[in-house]
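Student: If you scroll down you'll find the structure; I have some questions about it.
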Amino acid sequence: MLPVHLQFPIRGGDFHSAGEASSGMKKALSKLGVDPSAVKRASVAMYEAEINAVIHAGGGEADVEIFADRVSIVIRDHGPGIPDVGLAMQEGWSTAPDAAREMGFGAGMGLPNIQRNADDLTIDTRVGEGTALTILVRFHRPAPTAPGPEA
Amino acid sequence: MRLCDCVDLLAAEVLVPAKDMETEIRVACGADLMSDAMAFACSTNEMMLTGLVNLQVIRTAEMMDVKVLVFVRGKRPDPTMVELACEKGICVLRTSNPMFTACGLLYQAGIQGKGA
Ligand SMILES: Nc1ncnc2c1ncn2[C@@H]1O[C@H](COP(=O)(O)OP(=O)(O)OP(=O)(O)O)[C@@H](O)[C@H]1O
Ligand SMILES: [Mg+2]
């Protein structure tokens with residue numbers, strides 16, 4: 001049964017459907033019985049990355065792989081890329097457009113929030129080509145429906 | 001403090017009831033910027049107060065496992081938002097109190113805010 005592989009499209013600039021991918025992942029993790037604190041960390045991290053793809057990059061896609069002891073989330077877009085990742089990672093740094101600010105985004109807290117909630121974060125970005133975030137969240141205990149390492 | 005007592009204190013209208021209106025509310029946060037709210041997602045926020053009204057507020061509450069959303073300053077969520085909150089099991093309240101007053105009333109009654 002595991003790993004479970006999920007894929008979701010992310011539509012650029014669409015504030016109505018934004019979050020549906022993260023919601024789908026959250027539902028899948030909860031159904032597998034993953035511990036709620038890990039579910040929350042994975043959901044918040046993925047949602048921030050999904051919103052970034054919607055706001056800053058014209059959309060993209062989400063690729064989720066759920067294992068017995070972890071979830072690996074890749075959010076890929078074909079947007080402008082991030083010229084200075086160090087700067088983008090700073091709390092408060094934001095280039096969010098007004099439309100995003102009106103929706104409650106643009107605090108410059110998204111990437112720091114992802115970092116805080118992920119056990120591992122890789123940012124692969126190229127100016128003019130796009131960005132891929134790989135977020136890893138480990139579960140404190142294996143998903144009960146999954147055979148544990150010793151089973 | 002019990003959720004039903006929060007409703008009385010805020011003179012709030014219940015738009016989506018919780019399964020258990022007696023549930024205990026201990027920790028709350030207030031934010032108009034969603035990523036600011038999510039910066040505190042590592043701790044348990046049972047209630048979130050906001051002056052922002054759009055679908056992403058519900059999504060944010062969903063991701064953070066917030067049980068109760070309070071719209072301040074008399075803001076009214078549209079039917080799509082109410083429907084999504086209902087589907088996600090998030091209780092929705094609406095109060096005419098502004099943000100500062102609503103937070104102050106709850107804080108005075110013993111509800112705590114939490115750092116990261
Ligand atoms: N996928 C992306 N493509 C291009 N630029 C990005 C992408 N993600 C982030 N950035 C850049 O990094 C900045 C910081 O991102 P971060 O998520 O921390 O804040 P924000 O999205 O601006 O606001 P918030 O997340 O608090 O709502 C963004 O303003 C943007 O300039
Ligand atoms: Mg962001």
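The values are calculated or read from the model by the stated rules, or taken from the named source; none is laboratory data. All figures in this text were calculated on a predicted structure; none of them were measured in a lab. Methodologically, a virtual Cβ is constructed for each residue, glycine included, from the backbone with ideal geometry; neighbour enumeration extends over all protein chains shown.
Student: Going through segment B:77-116 one residue at a time, which ones are closer than 28 Å to A:K27 by Cβ and part of a loop (DSSP other than H, G, I, E, B)? Spell out how you get there, then give the answer.
Tutor: Restricting attention to segment B:77-116, the residues satisfying the condition of being closer than 28 Å to A:K27 by Cβ are B:77-94, B:114, B:116.
Listed by number, the residues that qualify are B:P77, B:D78, B:K88, B:G89, B:I90, B:K114, B:A116.
Student: Give the residue that is nearest to A:I66 (Cα to Cα), with candidates limited to residues of segment A:112-129 that are within 16 Å of ligand 2 (Cβ to nearest atom) and part of a strand (DSSP E or B). Step through it out loud before you land on a result.
Tutor: From segment A:112-129, those within 16 Å of ligand 2 (Cβ to nearest atom) are A:112-118, A:121, A:123, A:125; that's our starting set.
With part of a strand (DSSP E or B) added as a condition, the list becomes A:121, A:123, A:125.
On the way: A:L121: 16, A:I123: 20, A:T125: 24 Å.
Here the residue is A:L121.
Student: Now a separate question. Right, A:R141: assigned to a loop (DSSP other than H, G, I, E, B) and either within 14 Å of ligand 2 (Cβ to nearest atom) or out of contact with any Leu (no Cβ under 8 Å at 6 or more places or on another chain) (or both) or not? If you could, list the steps in order and put the result at the bottom.
Tutor: Details: assigned to a loop (DSSP other than H, G, I, E, B): yes; either within 14 Å of ligand 2 (Cβ to nearest atom) or out of contact with any Leu (no Cβ under 8 Å at 6 or more places or on another chain) (or both): yes.
Here the answer is yes, as A:R141 does meet what is asked.
Student: Any residue at all in segment A:62-82 that's within 12 Å of chain B (Cβ to nearest Cβ) and either among the aromatic types (F, W, Y) or crowded, with 21+ Cβ neighbours inside 10 Å (or both)?
Tutor: Going residue by residue through segment A:62-82, those that are within 12 Å of chain B (Cβ to nearest Cβ) are none.
Within segment A:62-82 (the criterion being within 12 Å of chain B (Cβ to nearest Cβ) and either among the aromatic types (F, W, Y) or crowded, with 21+ Cβ neighbours inside 10 Å (or both)), the answer is no, since none of the residues qualifies.
Student: In this structure, is A:G92 buried (at least 22 other Cβ atoms within 10 Å of the Cβ), within 13 Å of ligand 2 (Cβ to nearest atom) and part of a loop (DSSP other than H, G, I, E, B)?
Tutor: Taking the combined requirement at face value, the residue does not satisfy it.
A quick yes/no check of all residues on (1) closer than 27 Å to A:R41 by Cβ; (2) in a strand (DSSP E or B); (3) modelled with pLDDT of 95 or more; (4) more than 16 Å from ligand 1 (Cβ to nearest atom):
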site: B:V7; (1), (2), (3), (4): no, no, yes, yes
site: B:A11; (1), (2), (3), (4): no, no, yes, yes
site: B:A18; (1), (2), (3), (4): yes, no, yes, yes
site: B:D36; (1), (2), (3), (4): yes, no, no, no
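Student: Given (1) surrounded by 23 or more Cβ atoms within 10 Å (Cβ to Cβ); (2) within 13 Å of chain A (Cβ to nearest Cβ), where does B:A28 come up short, assuming only one miss?
Tutor: (2)
Student: Still on this structure, I have one more. Those residues that are more than 9 Å from chain B (Cβ to nearest Cβ) and near ligand 1 (Cβ under 6 Å from one of its atoms), I need them from segment A:95-110; list them, please.
Tutor: Scanning segment A:95-110 gives A:T95, A:A96.
Student: Another one. Regarding B:L49, is this residue more than 9 Å from chain A (Cβ to nearest Cβ), among the aliphatic types (A, V, I, L, M), surrounded by 21 or more Cβ atoms within 10 Å (Cβ to Cβ) and more than 23 Å from A:Y47 (Cα to Cα)?
Tutor: It is false that B:L49 is more than 9 Å from chain A (Cβ to nearest Cβ), among the aliphatic types (A, V, I, L, M), surrounded by 21 or more Cβ atoms within 10 Å (Cβ to Cβ) and more than 23 Å from A:Y47 (Cα to Cα).
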